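For reference, the structure discussed in these notes is given below.
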Amino acid sequence: MMLNGRGRMLRNAVTPFGKLFSRSAASSSARASKLFVGGLSYDTNEAALKDAFSQYGDVIAVRVICHPTTGRSKGFGFVTFSSEDEAAAAVHKMNGEELDRRIIRVHYSESG
């Protein structure tokens, strides 16, 4: 039993360690997954990024990050897939591949 600062019992305060990191097969295909894509050419736009990643599944959002003053790409962006399985396939196939004459890095985004 865990108590809060006022001496009241906290409900469901303890999460088993194994559940913090496990993903069930049922939930893995249903949740959207956001990927970070680094090493982009400054010429790569959102349409080109979406085209490159769409072959691995349903892309629901694409964002190339640009400098606020110049409007020029900062060389990285984000791609969001409708499912984790599609995102996993994209990470596996696209990480280290060439896009617009640049080798890109692809991994899961740490921001939601």
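Here are the numbers:
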{"item": "Members of the stretch 44-79 found to be among the β-branched types (Val, Ile, Thr), under 15 Å from the mean Cα position of the chain (by Cα) and crowded, with 18+ Cβ neighbours inside 10 Å, listed by number", "result": "59, 62, 64, 79"}
{"item": "Where a residue in the stretch 65-93 is closer than 14 Å to residue 53 by Cα and of a type outside the set (Val, Ile, Thr) and its partner, wherever it lies, is part of a helix (DSSP H, G or I) and open to solvent by less than 40 Å² (accessible area, probe 1.4 Å), with Cβ under 7 Å and at least six apart", "result": "77/49; 81/87; 81/90; 84/28; 85/28; 90/53"}
{"item": "Cβ pairs under 7 Å, 6+ apart, first in the stretch 38-62 and in contact (Cβ under 8 Å) with a residue 40 or more places away in the chain, second surrounded by 20 or more Cβ atoms within 10 Å (Cβ to Cβ) and assigned to a loop (DSSP other than H, G, I, E, B)", "result": "38/104; 39/104; 40/104"}
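The values are calculated or read from the model by the stated rules, or taken from the named source; none is laboratory data. Everything numeric in this text was worked out from a predicted model, so none of it was measured. We place every Cβ from the backbone using ideal geometry, glycine too, and count neighbours over all the protein chains shown. Each accessible area value is taken on the protein alone, full model and side chains, heavy atoms only, with ligands, DNA and RNA left out. Shrake-Rupley method; radii C 1.70, N 1.55, O 1.52, S 1.80 Å.
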